[in-house]
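All of the numbers you see were taken from the coordinates with simple rules; none came from a lab. Every value quoted in this text rests on a predicted model; they were computed, and no experiment measured them. We place every Cβ from the backbone using ideal geometry, glycine too, and count neighbours over all the protein chains shown.
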């Protein structure tokens with residue numbers, strides 16, 4: 001047993017890899033720049049409108065973000081769950097369908113160990129309501145999916161400060 005193993009035992013630390021972090025961030029609704037959102041997405045389209053402080057002194061992009069309707073985009077990054085409890089091979093880019101019509105593509109995904117489902121983020125029409133039944137196309141198969149609230153684990157943020 002090396003020094004790092006002793007520190008882990010004393011502090012109750014368990015090593016976790018990238019896939020564990022990916023799972024946790026998706027359950028928590030955290031976005032990843034470059035995959036979930038890019039420089040061509042507005043904060044409102046990304047589900048980050050709460051971060052916009054329109055009353056700040058002038059800033060780059062302020063006119064666009066304060067334009068009428070900017071805070072009500074036609075599409076928005078949304079959270080969905082897919083399949084049952086088993087792991088599904090999702091990579092990102094898969095078609096998301098509503099009533100047979102492609103309405104978006106998965107941007108990022110991982111198995112959510114807390115919610116025991118595949119969790120994905122996709123840019124979808126804003127008018128779709130939580131609970132809407134969708135399908136995700138995985139290697140030619142249509143897998144049932146459901147539109148969820150943005151944050152699946154600890155939506156009030158009480159666990160973030162423990």
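Residue by residue, here is whether (1) exposed (fewer than 14 other Cβ atoms within 10 Å of the Cβ); (2) free of Cβ contacts under 8 Å to residues at least 60 places away in the same chain; (3) in contact with a strand residue (DSSP E or B) (Cβ under 8 Å, 6 or more places away or on another chain) holds:
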{"residue": "39", "(1), (2), (3)": "yes, yes, no"}
{"residue": "51", "(1), (2), (3)": "yes, yes, no"}
{"residue": "70", "(1), (2), (3)": "no, yes, no"}
{"residue": "85", "(1), (2), (3)": "yes, yes, yes"}
{"residue": "108", "(1), (2), (3)": "no, no, yes"}
{"residue": "115", "(1), (2), (3)": "no, no, yes"}
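Kindly indicate whether residue 96 is surrounded by 11 or more Cβ atoms within 10 Å (Cβ to Cβ) and either in contact (Cβ under 8 Å) with a residue 60 or more places away in the chain or out of contact with any strand residue (DSSP E or B) (no Cβ under 6 Å at 6 or more places or on another chain) (or both). Steps first, answer last, please.
Values: surrounded by 11 or more Cβ atoms within 10 Å (Cβ to Cβ): yes; either in contact (Cβ under 8 Å) with a residue 60 or more places away in the chain or out of contact with any strand residue (DSSP E or B) (no Cβ under 6 Å at 6 or more places or on another chain) (or both): no.
No; evaluated as a whole, the condition is false for this residue.
Counting the residues of the stretch 120-162 that are without any contact (Cβ under 8 Å) to a residue 60 or more places away in the chain, in a strand (DSSP E or B), within 16 Å of the chain's Cα centre (by Cα) and surrounded by fewer than 17 Cβ atoms within 10 Å (Cβ to Cβ) gives 1.
Quick one: would you say residue 32 is more than 25 Å from residue 131 (Cβ to Cβ) and in contact with a strand residue (DSSP E or B) (Cβ under 7 Å, 6 or more places away or on another chain)? Quick ask: steps written out before the conclusion?
Details: more than 25 Å from residue 131 (Cβ to Cβ): yes; in contact with a strand residue (DSSP E or B) (Cβ under 7 Å, 6 or more places away or on another chain): yes.
For residue 32, the condition - more than 25 Å from residue 131 (Cβ to Cβ) and in contact with a strand residue (DSSP E or B) (Cβ under 7 Å, 6 or more places away or on another chain) - is met.
Name, by its number, the condition in (1) farther than 21 Å from residue 30 by Cβ; (2) exposed (fewer than 15 other Cβ atoms within 10 Å of the Cβ) that does not hold for residue 91. Among (1) farther than 21 Å from residue 30 by Cβ; (2) exposed (fewer than 15 other Cβ atoms within 10 Å of the Cβ), the lone unmet condition for residue 91 is (1).
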